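Written below as structure tokens is the structure these notes are about.
The values are calculated or read from the model by the stated rules, or taken from the named source; none is laboratory data. All values derive from a computational prediction rather than experimental measurement. Neighbour counts run over all protein chains shown; Cβ positions are idealised from the backbone, glycine included. Remember, those area values only see protein heavy atoms, side chains included, never the ligands or the DNA or RNA. Shrake-Rupley method; radii C 1.70, N 1.55, O 1.52, S 1.80 Å.
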Amino acid sequence: MLKITKRTSIPLSEIELSPIRSQGAGGQNVNKVASAIHLRFDINASSLSPLFKERLLNLGDRRITKEGIIIIKAQQHRTQQQNREDALNRLQTLLQSVTTTPKKRKPTKTSYGAKQRRLDSKNKRGKLKKLRGNIKP
């Protein structure tokens, strides 16, 4: 089980993990050992709540396809087990990002003093320009 929140978790059977070959330069094991992990998670077929599914699908993340499948490729580490844990952690972080609801913004009002200071500085600047003769009638 992949734990997302205190109440929400996903069974590992819903997550498809497949080993693939890592990119880049390697040593003796290059092109032989499949140490990278390709993770696929279908949002629509998962046991997540409809609210989380909707938030995930509306998320503008490049890892989420149009069909609603999350694809994560983990190849930073040398071993397959470390890459597997890394992929699951990245999926967990992505899913946790949609669990919190952002606070609603309260529009604030400009203070009276700030308005007065702005008007005073404008007034002062206008008088200065008049004195120097920079304003053309």
Which percent of the accessible area of the chain is formed by carbon and sulfur heavy atoms (probe 1.4 angstrom)? 50
Estimated [θ] at 222 nm from DSSP helical runs (n ≥ 4, -39500 (n - 2.57)) normalised by residues in the chain, nearest 500: -11500 deg cm²/dmol
Cα-based convex hull, region 44-105, per residue volume (Å³, whole number): 111
Correct choice for Cα Rg over 2.2 N^0.38 Å that was computed from the model, options [x] 1.93; [y] 1.24; [z] 1.06: [x]
To make sure I understand the rule: partners must be lysines, Cα under 22 Å from the Cα of LYS103, and not fewer than 8 residues away in the same chain. Which ones qualify? LYS6, LYS53
Accessible area per residue of the chain at 1.4 Å probe, in Å²? 79
Where the only charges are on Cβ atoms (+1 Lys, Arg; -1 Asp, Glu), what is the dipole of the chain about its Cα centre, to the nearest 20 debye? 2180
Unsatisfied cross-links (Cα-Cα over 30 Å) in the set LYS3/LYS66; LYS104/LYS124; LYS66/LYS106; LYS109/LYS130: LYS104/LYS124; LYS66/LYS106; LYS109/LYS130
Using Cα springs under 10 Å in a Gaussian network model of the chain, which residue among SER97, SER22, SER49 shows the largest mean-square fluctuation? SER49
